[in-house]
Amino acid sequence: MKYTTLPNSDIEVSKICLGTMTFGEQNTEAEGHAQMDFALEKGINFFDTAEMYSVPGRKETYGSTEKIIGTWFKKTGNRDKVILASKIAGPNPGLSYIRENMDFSPASIALSIEKSLSRLQTDYIDLYQLHWPERKTNFFGQRGFKVQNDAWEDNIHNVLETLDTFINAGKIKNIGLSNETPWGIMRFLEESKYHNLPKIKTVQNPYSLLNRLFENGSAEISIKENVGLLAYSPLA
């Protein structure tokens, strides 16, 4: 296994990250445990999950993936062997069962982190990510996307301040983005640079031979600003 470090940190992670979103839907708890055992045996020390998993997102299975990871931690005692990433879900009318307010307000972030920690049976998350933006934008690379009316007001400074409190409390160690656009990545970097707030370490976006959108704008930011790409769906 080859390893690298999360940018601007001394955290060593395997080049391959285990995506766990099938745990609780396509995979049973026992199968999820077996996959994590196998991954660790092969040198994979980086696991990624999210509060909305498993997928497709359903009220009946919401949080099931984190719960399965949590029971594996409890059974094996392997928490210290894993770099764990999770995510808070942004606004989505189909996921209103997760929280009353699907935003990145201080109250929503606090609730999301505490519930994830409880399900995961851990005291901290190594990399905490915003699953997709609050604002209405083309964050999934839709063709023919039309600009929509959006009541969103730029709250990125406040989001970073809130995340900083949880970093200081030791409940999250690092922060990142997911399904973010070049403009969004730069706004977060701008706020952290000029206001001494935590810097995003990574962005988790799709990247494969069939989806090379990251190369148009985001890759330059990644290189110039030292923000790591966590490429999801690399086999498309």
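The values are calculated or read from the model by the stated rules, or taken from the named source; none is laboratory data. It should be emphasised that the depicted structure is a prediction, and the values quoted were computed from it without experimental measurement. For neighbour counting, all protein chains shown are included, and Cβ atoms are generated from backbone atoms with ideal geometry for every residue, glycine included.
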Checking GLU180 against (1) in a strand (DSSP E or B); (2) of a type in the set (D, E, K, R); (3) out of contact with any Asp or Glu (no Cβ under 8 Å at 6 or more places or on another chain), which single condition isn't satisfied? (1)
Surrounded by fewer than 20 Cβ atoms within 10 Å (Cβ to Cβ) and either under 16 Å from the mean Cα position of the chain (by Cα) or under 20 Å from ILE68 (Cα atoms) (or both): which single residue out of GLU12, GLU29 fits that description? GLU29
Within segment 196-236, residues in a helix (DSSP H, G or I), exposed (fewer than 11 other Cβ atoms within 10 Å of the Cβ) and either touching a residue at least 12 places away in the same chain (Cβ under 8 Å) or β-branched (Val, Ile, Thr) (or both) come out as ILE223
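With respect to ASN45, determine if the residue is of a type in the set (S, T, N, Q) and touching a helix residue (DSSP H, G or I) at 6+ places or on another chain (Cβ under 7 Å).
Numbers: of a type in the set (S, T, N, Q): yes; touching a helix residue (DSSP H, G or I) at 6+ places or on another chain (Cβ under 7 Å): yes.
Here the answer is yes, as ASN45 does meet what is asked.
Could you check segment 150-176 and list, in sequence order, the residues that are out of contact with any His (no Cβ under 8 Å at 6 or more places or on another chain), in a helix (DSSP H, G or I) and either farther than 21 Å from SER9 by Cα or not polar (S, T, N, Q) (or both)? Break it down into steps so the answer makes sense when it comes.
To start, the set of residues in segment 150-176 that are out of contact with any His (no Cβ under 8 Å at 6 or more places or on another chain) comprises 150-156, 158-159, 161-176.
Remaining after also requiring in a helix (DSSP H, G or I): 156, 158-159, 161-168.
Hits for segment 150-176 are ILE156, ASN158, VAL159, GLU161, LEU163, ASP164, PHE166, ILE167.
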Scope segment 81-98; condition assigned to a strand (DSSP E or B) and over 28 Å from SER14 (Cβ atoms); matching residues: none
Conditions: (1) among the polar types (S, T, N, Q); (2) in contact with a strand residue (DSSP E or B) (Cβ under 9 Å, 6 or more places away or on another chain); (3) free of Cβ contacts under 8 Å to residues at least 60 places away in the same chain. SER112 meets all but one. Number of the miss? (3)
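Quick grid of which residues meet (1) surrounded by 20 or more Cβ atoms within 10 Å (Cβ to Cβ); (2) modelled with pLDDT of 95 or more; (3) among the aliphatic types (A, V, I, L, M); (4) touching a Gly at 6+ places or on another chain (Cβ under 9 Å):
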| site | (1), (2), (3), (4) |
| --- | --- |
| ASP37 | no, yes, no, no |
| ASP48 | yes, yes, no, yes |
| TRP72 | yes, yes, no, yes |
| ASP80 | no, yes, no, no |
| LEU84 | yes, yes, yes, no |
| GLY90 | yes, yes, no, no |
| PRO106 | no, yes, no, no |
| GLU114 | no, yes, no, no |
| ASP123 | no, yes, no, yes |
Conditions (1) touching a residue at least 40 places away in the same chain (Cβ under 8 Å); (2) assigned to a loop (DSSP other than H, G, I, E, B) -> GLY144 fails only (1)
